[in-house]
Amino acid sequence: MAQVEMSVEVNRANLRDIDNMFKQLPKQVNQNKVWVKFWRHVSKPLVKGAKQNAASLGGTGQLAKSVGFFTTKASRKYNGGYVGPRIKGAFKDKKKSGYYGAWIEYGSEVKFGGRGYGKDQPFIKPAWQSAYLKVTQNSMNDAEFVMAKAIKSHERKLQKYGKFGY
């Protein structure tokens, strides 16, 4: 199966600025959680577009419900995440899962149970092509928004529990 590499490329200078901004947060605030919140917030237009495209394919809507932002152990190592059909956790049940998302996206390249090929019905790639500008251009504003929320949350915890709130 040929993979199409669709990653969010944010200007390196902006990414360094964002990283420096997040490093200014108090040590009690988990940096990985802040990065996940940042990418989850930035990728909302992409998730929305992919859900709409998946729903327009017809069927039960199971694939559209499973599309979302998620992280893996490897992606957390690099402060990143993925947008696509979720198949684990709450979506492990086949009634909810989007495990067949790759067959729909890359139908002409993936054999269905060794029986034959299908046709391509991409839903992620068109969403990326229509939303990547929103995702990349608003990154600095979104980082400021996420940082402000993290600071407010930290202040509330300190007021409620003191320095032992973490």
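The values are calculated or read from the model by the stated rules, or taken from the named source; none is laboratory data. Here the structure is a predicted model, which is why all the values come from computation and not from measurement. Cβ: placed from backbone, ideal geometry, glycine included. Neighbour counts: every protein chain shown. Each accessible area value is taken on the protein alone, full model and side chains, heavy atoms only, with ligands, DNA and RNA left out. Shrake-Rupley method; radii C 1.70, N 1.55, O 1.52, S 1.80 Å.
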query: Is it true that A90 is modelled with pLDDT of 80 or more and open to solvent by less than 100 Å² (accessible area, probe 1.4 Å)?
result: no
message: When you scan the range 46-63, do you find a residue that is open to solvent by less than 30 Å² (accessible area, probe 1.4 Å), modelled with pLDDT under 80 and assigned to a helix (DSSP H, G or I), even just one?
response: no
message: Please go through (1) outside any loop (DSSP other than H, G, I, E, B); (2) surrounded by 17 or more Cβ atoms within 10 Å (Cβ to Cβ); (3) modelled with pLDDT of 75 or more for T136 and return the number of the only condition it doesn't satisfy.
response: (2)
field: Qualifying positions in the range 22-45 - among the aliphatic types (A, V, I, L, M) and either buried (at least 16 other Cβ atoms within 10 Å of the Cβ) or over 24 Å from H154 (Cα atoms) (or both)
entry: V29, V34, V36, V42
message: farther than 23 Å from L46 by Cβ, modelled with pLDDT under 80 and open to solvent by 50 Å² or more (accessible area, probe 1.4 Å): is that true of K157 in this structure?
response: no
query: Any residue in the range 10-21 that is loosely packed, with under 12 Cβ neighbours inside 10 Å, modelled with pLDDT under 75 and over 23 Å from S139 (Cβ atoms)?
result: no
